[in-house]
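This report concerns only the one structure given below.
The values are calculated or read from the model by the stated rules, or taken from the named source; none is laboratory data. Here the structure is a predicted model, which is why all the values come from computation and not from measurement. So basically every Cβ, Gly included, is an ideal-geometry build from the backbone, and we count neighbours across all protein chains shown. All accessible areas refer to the heavy atoms of the entire protein, side chains included, with ligands and DNA or RNA removed. Shrake-Rupley method; radii C 1.70, N 1.55, O 1.52, S 1.80 Å.
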Amino acid sequence: MLDDPGTTADLAQLASAIRAWGAELGFQQVAITDTDLAAPAERLRDWLARGYHGDMAWMGSHGPRRWEPAQLVPSTQRVICARMDYLPPESNLIATLRNRDKAYISRYALGRDYHKTVRKRLTELARRIAAWTAEHPELNEPAQRPFVDSAPVLEKPLAAKAGLGWMGKHTLIINSEAGSWFFLGEIYTSLPLPVDEPAQPDRCGSCSACLSICPTDAFPAPYQLDARRCISYLTIEHPGAIPESLRPLMGNRVFGCDDCQAICPWNRYATASAEGDFRPRHGLADADLVDLFRWTEDQFEARTAGSPIRRIGYQRWRRNLAVGLGNGSARGEAIRALTDALEGAPPLVAEHITWALARLQSPDRDQRRPFPRIKSPRHD
């Protein structure tokens, strides 16, 4: 029945409606792609073989379910990919990176947890698709499932296949009209919708700004990330002690790192997000390291409620802040705060406090790579 011209027209009409509904739900772009992920699967296997995933054992789990969508959601034929911009207008990213006594938190984590916001919108989009098909008996009821960075889904390769952008040398998706400050989400569906032609060829060219700006040299080659050296991995995914050789290079980055995005020329075209959920809360866009370090566990729990920061827990939060304080310039205040916290601190935190105190008293301690004086995004 799906070869029937009428059915084909219905599917094309539905695809058009999906894009319109996506815009209504706050997505800046929605596109549809097939499920062929053979080439990305081979790149993933090579990446895992090199050990670049570090402690993220889950990246090697699930096997073919990660690169064969129909094994994750049976009968999947298409993937609906969506993009939602997140950079808040008051991000102050360059100024915060240059102020050694401020805490730099990745811009995606300043507001509410994106998983909840994006998943809620995708769930509504899937509901509208199901309601539409219910009114067209020539189409079967679709098997559908939305995803937001929460399952074995190769979301960046899928986004590139769908035409949402290209995978840059820093391994993030870049859109020529929107930069890279956006979240991705997907709906796996059994509907054989018409596929969009990818419209975003790789336009990185000879630029290597993202590779050279990385404070910890986490890119062994273009389009390759060694997560074990990545500050985002170290401050969020890594459960143990941060390698001592990398601590001085982290500067004031205490939850994630955006340097490779901040330096990217394509982000001159990024626009500030109007999404209320992504606006900074609790002053986190411009907070002092000492103030955050002095949060009690109860304050941490209260002020990170509904935030992606909550997932690392209080002790890793203090671990990261101790490193930031050790790299800061407010020696007297930092030494007092660290000393007060040392007694009774769990071993993981105590190790980093001890390191920070020694560093603050070292005459040769500034090994950080200063952020260059580049043109800030026009909305910063």
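Where only DSSP H runs of four or more residues are counted, the chain gives -10500 deg cm²/dmol as its mean residue ellipticity at 222 nm, each run worth -39500 (n - 2.57).
Model label sites at Glu90 and Ser362, defined 7 Å from Cα along the beta-carbon direction, differ in position by 3.7 nm. For labels at Arg303 and Ser150 in the simple 7 Å Cα→Cβ model, what's the distance in nm? The modelled label-to-label distance comes out at 2.7 nm.
Considering only beta bridges that DSSP places wholly inside the chain, some 90 percent are antiparallel.
Considering only protein heavy atoms, what per residue accessible area in square angstrom results for the chain with a 1.4 angstrom probe? It would help to have the intermediate numbers written out before the result.
Details: 16060 Å² over 380 residues.
Per residue, the chain has an accessible area of 42 Å².
Between the listed residues Gln71, Ser190, Pro308, the Cα displaced farthest toward the positive end of the dipole of the chain, a dipole computed from Cβ unit charges relative to the Cα centre, is found at Pro308.
For the chain, the membrane-span-like helices by this rule, meaning whole DSSP H stretches whose C-alpha atoms cover at least 24 Å of axis and whose Kyte-Doolittle mean is -0.5 or above, are 5-24; this says nothing about an actual membrane.
Here the simple spin-label model places points 7 Å from the Cα toward Cβ, and for Ala57 and Ala70 these points are separated by 3.2 nm. Judged by a Cβ-Cβ distance under 4.7 Å, the unpaired cysteines of the chain are Cys81, Cys204, Cys207, Cys214, Cys230, Cys257, Cys264.
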